[in-house]
Structures are given as C-alpha cells and as structure tokens.
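The structure appears right after this line, and notes come after that.
The numbers here are math on the coordinates, done by the rules we state, and not lab data. Predicted, not measured: the structure shown is a model, and the values here were computed from it. Every residue, glycine as well, gets a Cβ built from its backbone with ideal geometry; the counts of neighbours run over all protein chains shown.
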Amino acid sequence: MFGLIGHSTSFEDAKRKASLLGFDHIADGDLDVWCTAPPQLVENVEVKSATGISIEGSYIDSCFVPEMLSRFKTARRKVLNAMELAQKKGINITALGGFTSIIFENFNLLQHKQIRNTSLEWERFTTGNTHTAWVICKQLEINAPRIGIDLKKATVAVIGATGDIGSAVCRWLINKTGISELLMVARQQEPLALLQKELDGGTVTSLDEALPQADIVVWVASMPKTIEIDTENLKKPCLMIDGGYPKNLDEKFQGENIHVLKGGIVEFFNDIGWNMMELAEMQNPQREMFACFAEAMILEFEKCHTNFSWGRNNISLEKMEFIGAASLKHGFSAIGLDKQPKVLTV
Amino acid sequence: MHNELKINDMQTLESNKKTIEESNNSISLNLPDFTTDSYKDAYSRINAIVIEGEQEAHDNYISIATLIPNEIEELTKLARMEMKHKKGFTACGRNLGVEADMEFAKKFFSKLHGNFQIALEKGNLTTCLLIQAILIEAFAISAYNVYIRVADPFAKKITEGVVKDEYLHLNYGQEWLKENLSTCKEELMEANKVNLPLIKKMLDEVADDASVLAMDREELMEEFMIAYQDTLMEIGLDNREIARMAMAAIV
C-alpha cells in the first residue's frame, strides 16, 4: 500500500471539495471547525505499472489549508494526525505532499514521534524530494534544447540552492549535464558556501545578479511577494522551471520567449481513475501528479519500503539515478513545455 | 488573485519561522505552574469532572450489564477498571493539594446522566452504549490525551495508564454496535443527534478551566473528533454517514 497526504490549495477550495465529497459537517464549517477536523481518508485506488504490477493506495486529506500556516500548533497537528492515520491504515510508504513536508521540516516535527497510542515509524514516510529533484533536472535537460538553448553553453541559476531539492539539483547539474555555468542563490550564505565547497564548482551570487545572466532558472524556493522582476533584463530565450510549492511563477514572468514550466510534475502512461488529482488542480488529473506523490508509488512498485527521501541534504546522485530509472520503468515521464503551449506575450 | 494569495501564505510561513522555532524550543518546558491558586482553582473543577466521569462510567457499565446479562462478567471487569481510574485521579488532586468540586461535576454531567437513565429504563441498549462507550469514552480519551502533554509528572504517569484502559472500553461498545449495526443504526443516529450536542456544550463549558491547565480547546475538540470518527468508522459507518452524525457537533 502506498499513501499520499495532501491538502487543498485554499480554505474556500477545501470547503467546495468537502461538499462534493459529502463531508457536510466540515463543508459548512468555518476555519475553526476545520482546525478541529480529523484527517480524512478520501479515496482508495489501484494503479497498474507499465510493467504490469498492480499496487493499491490511499489519498489522505490532512484537512490542512494554507490559511492555517500562521497557527503553527494547528498546522503541526494536521500533519502529524494525517501521518498517524496513514500508519494506522497499515500503509507502507506515504508521501508528504504540498505544504505538509515543508511543515514537517520547518516545524521540526521529528521530535513528535508519539501521537496518542501510535509511535510514528519514520521509515513509512517520504518527502518525495529525490524524485522531484530528478524530474526537475530531466525537465531542464529535455526542454532547454526545445526552445533553442544549448546546454553546453547555458548558464543555469538555481534559486533556493541550499534546500533539499535545490542542493540535489545543483549536484546533478554539475556532475551530470555539462552545463557551462551554475549560479547558486539562497537566503543563507553559510550553507551556500558549504555547498559550493562540496560541489567544487558553481558561483554564489544574488538573485538580481543571477537573473540577467541565466538562460535557465530553476526556482525551488518560494518567491518573496515584494519581488519585482523586470522581464526586459532576462535573456531570450529563457527557461523558467517552477519547482517550488505553490506554483505561482507564471504570473510574474510573462513575455515573449520566456518559457515557464511547471517543475516537479509527472505524467503517468495511463489513466489512473482517481479523483484526487482534480483536487490538486492538475491539467490532466487522470495522469498528472506531483513527483513527490509518484515517489511513493514508485517505492511501492519497487517494494522499497523505506523513508527514501528524508531530512535535508541526503539526496545523492545514486539515489536520483535509482528513482529516475524506476520512474521511467513504471511509466512516469516528466511533463514538458508542449504540455503548456503557453508562450506568453504581454 | 489566487496565486497572489499563495505567495502571501508562503510568506507567512517564512515570517513565522522565528516564532515557530521559539515555540518548538519551549515545547517540553511549556508546562503550567502547578502551584498557583488559579491552577488549583481550575483543577478543582477539572479533577472533579474526571473523578465523577469515572464514577458514572462505573455505574453505567453495571447498568448496561442488566440489559445484556450474558456480558455481565466483561462489563463488571470494565466497571472495576473505572473505579481504579477514579482512585488514581483522586490521588492526582490530593497530590496537588486540591479538593475536587464534586457538586460542580455532578451538575456538569446531569443532562447526559439523565439521558442515559431514560434510555436504560426504556431498555434502549444502543443509546446507552452510544452515550457511555462512545461519547463519554471519546470525551475522556481526548481530554486525557491532551492532559498528558501538560500534566504534572505524577498525574502524567497515572493518566498514561488510564488512557491504555480507555481504548479497551471504547472498543467494547464498538464491537457490540458493529455486530448489531443493521438493527441499531437508526437508534444510533437518533441518540447521537440528541447527545453529541451535549458533549459539545460540556466541552465549551470546561474550556476556560482547561486553558488554565494549558489544555487547548481546539486541540480537545480535534482529539474528540478523531476518537469519535475512528469508532464510527470501526463500527462500519461510511464517510457520509459519519459526516452526517458529526454535523450534530457544529450546530
């Protein structure tokens, strides 16, 4: 059994979905009611791999909504309760989707192992970050040439380079792609220097300096709201990969020859027959999903029951290669630019 | 618009990072001062509710046994456990030098107590089990789970022992209702509609005192809903039926 822990993109959205699913007691409730709502196992599904193996899984809505981010105790409970439910249902490997893995990391939930009469077994959970990082790298390698960017001559900027996904992407780019130059941007300078030392490459720089130089920009950090981007200063063509959560880059970067790609999204080779990705607002909800969710499925297909992606800075090239090969084998592919023929003109 | 909102939220996460870290550091230190007058005053009522709750649970299981005589042995065993819990919680009060306000507690339970007695007289076993084995037990488990996190060391140990037993009790009512679901569903729904709002009221009534003990109202309610939902799920009700039943808690 694999599991996916997710949440709605907003409170309004959550209420609408609850109403559709028949959860009237929370659909009609205010935010306070949602703060006291238990996690819900919304859907069970069977998925058949391209190799023919079948697995079963469940989608658990944590009843968290982004409006709860300012209530850290509530947010913490939502994630832990959803994890407890997954474990109680006997699910072998569960991916923490959307904000839930961010909350787990930032709110340091590792110290909350005991939830009521359940002792959480971390090996049953994965952040899915290894697969997300691999998918972002593949999206970069496949789509840059499509818009006329030669990787050998390309300068790539990674914004949020010290994060779990960001550092893995840098590692891959330096070692596996032969790009011309890597620019690394992050808020904290100390881990950035450490990363540079580890990679023995890459240039540490600021966002303002990086953007006009980059042919490709990988965003794996949230963008500050106040940021003003002058698209005139960007290189053309330019590939922007939106690997953060939530995906909100396309509003900031509109212009001719600026190509924005939703990063870390994969497509399955077959219709899955579930409703849960409609909840996640995918373009083709029967096949598309977050790469982190797909990681739980891949691990279940591979009978690899371990917290494959866990903690920070543990993503090695070997792990990315392993999950990438398994991803392709079971029928997943990274979504590309042709999925979104949205070359925007102002 | 939508995306703008999301950017805002993300910022909230970042800007709260400091508070979050601070709060995390104080998790284990965040215990109330057990020696203040205000703590003891609130404790006199909360402790009384717990003691009275365990006494009522004892009486209720003995009463339920009169409706299912062949279960008398099992139910007597459960009842005896409740008396053991009562003794434990009495010791918790004594340990803090607090005298439990039993009069307050009797009044606190009076409505639910009355409904149980009426159901008992009519021989409505389903209603009796819903009140005692589901609602009261889930209420107790939720309160104990939250209390454990902020209790004094003596009370913490006692409460941890009690919680293990209480899960067994929840299980007892659950098993009977599961076996008899086809014939008892209607009564279960009706009884729930009448009694779940009482639990909600009781929770509201105790919220201020609970917060003095560092027990958060939101957390209490959530713990209750989790225990309640779990039990109904185990009994064999589906998501929609549970949602319909839980509605009674928010109106």
The protein assembly as shown: Cα Rg divided by the 2.2 N^0.38 Å rule of thumb: 1.09
Cβ neighbours within 10 Å from other chains - mean over A:29-37: 4
Dipole axis of the range A:2-109 (+1 Lys, Arg; -1 Asp, Glu on Cβ), positive-most option in A:LEU41, A:GLY22, A:GLN87: A:GLN87
Over chain B: helical MRE at 222 nm, DSSP H runs n ≥ 4 each giving -39500 (n - 2.57), nearest 500: -27500 deg cm²/dmol
Over 20 Å (Cα to Cα) - which of B:LYS107/B:LYS156; A:LYS88/B:LYS193; A:LYS88/B:LYS77; A:LYS138/A:LYS319; B:LYS107/B:LYS157; A:LYS48/A:LYS262 fall in this group: B:LYS107/B:LYS156; A:LYS88/B:LYS193; A:LYS88/B:LYS77; B:LYS107/B:LYS157; A:LYS48/A:LYS262
Cα-centred dipole magnitude for the range A:293-333, charges only on beta-carbon of K, R (+1) and D, E (-1), debye, nearest 20: 60 debye
For the range A:114-223, size of Cβ-based charge dipole, Lys and Arg +1, Asp and Glu -1, in debye: 300 debye
Dipole of the protein assembly as shown, positive direction: furthest Cα of B:ALA138, A:SER180, A:GLN114, with charges on the beta-carbon: A:SER180
B:LYS156 paired with A:LYS88, simple spin-label distance in nm, labels 7 Å along Cα-to-beta-carbon: 2.4 nm
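Starting from the range A:210-316, pick out the trypsin sites (Lys or Arg not before Pro) whose DSSP state is loop and whose Cβ has at most 16 other Cβ atoms within 10 Å. Display every interim value, and only then the final one.
Numbers: sites: A:LYS225, A:LYS235, A:LYS247, A:LYS252, A:LYS262, A:ARG287, A:LYS303, A:ARG312; in loops: A:LYS225, A:LYS235, A:LYS247, A:LYS252, A:ARG287, A:LYS303, A:ARG312.
Answer in residue order: A:LYS225, A:LYS303, A:ARG312.
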Fraction in percent of alpha-carbon pairs per bin - 5 Å, the range B:112-251: 2, 10, 20, 22, 20, 14, 8, 4, 1, 0
Solution diffusion estimate, µm²/s, Stokes-Einstein, the range A:75-224, Kirkwood Rh from C-alpha pairs, 25 °C, viscosity 0.890 mPa s: 144 µm²/s
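Do you know the relative contact order of chain A, to the nearest whole percent, from alpha carbon pairs under 8 angstrom that are 6+ apart?
Working: 685 pairs, mean separation 69.6, N = 346.
Taking the mean separation of contacting Cα pairs over the length of chain A, I get 20 percent.
Exposure proxy check: A:ARG116, B:ARG217 ranked by fewest other beta carbons within 10 Å?
Numbers: A:ARG116 20, B:ARG217 17.
Least to most surrounded, the residues fall as B:ARG217, A:ARG116.
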Whole-percent pair-distance distribution, where bins are 10 Å wide, for the alpha carbons of the range A:149-202: 27, 58, 15, 0
Qualifying chymotrypsin sites (Phe, Trp or Tyr not before Pro) for the range A:1-106 [loop in DSSP, other Cβ within 10 Å: at most 12]: none
Anchor A:LYS15: aspartates and glutamates whose Cα lies under 14 Å away (excluding residues fewer than 8 positions away in-chain): A:ASP24, A:ASP28, A:ASP30, A:ASP32, A:ASP61, A:GLU67
Rounded to 5, percent antiparallel among DSSP beta bridges of the protein assembly as shown: 35 percent
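Starting from the Cα coordinates of chain B, work out the convex hull volume and express it per residue in Å³.
141 Å³
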Per-q log10 I(q)/I(0), the range A:1-112, q = 0.10, 0.12, 0.19, 0.20 Å⁻¹ (Debye; single scatterer per alpha-carbon; no solvent): -0.29, -0.42, -0.96, -1.04
For A:ILE115, distant residues with modelled amide H under 5 Å away: A:LEU120
Residue order, fewest to most beta carbons within 10 Å, for A:GLU209, B:GLU187: A:GLU209, B:GLU187
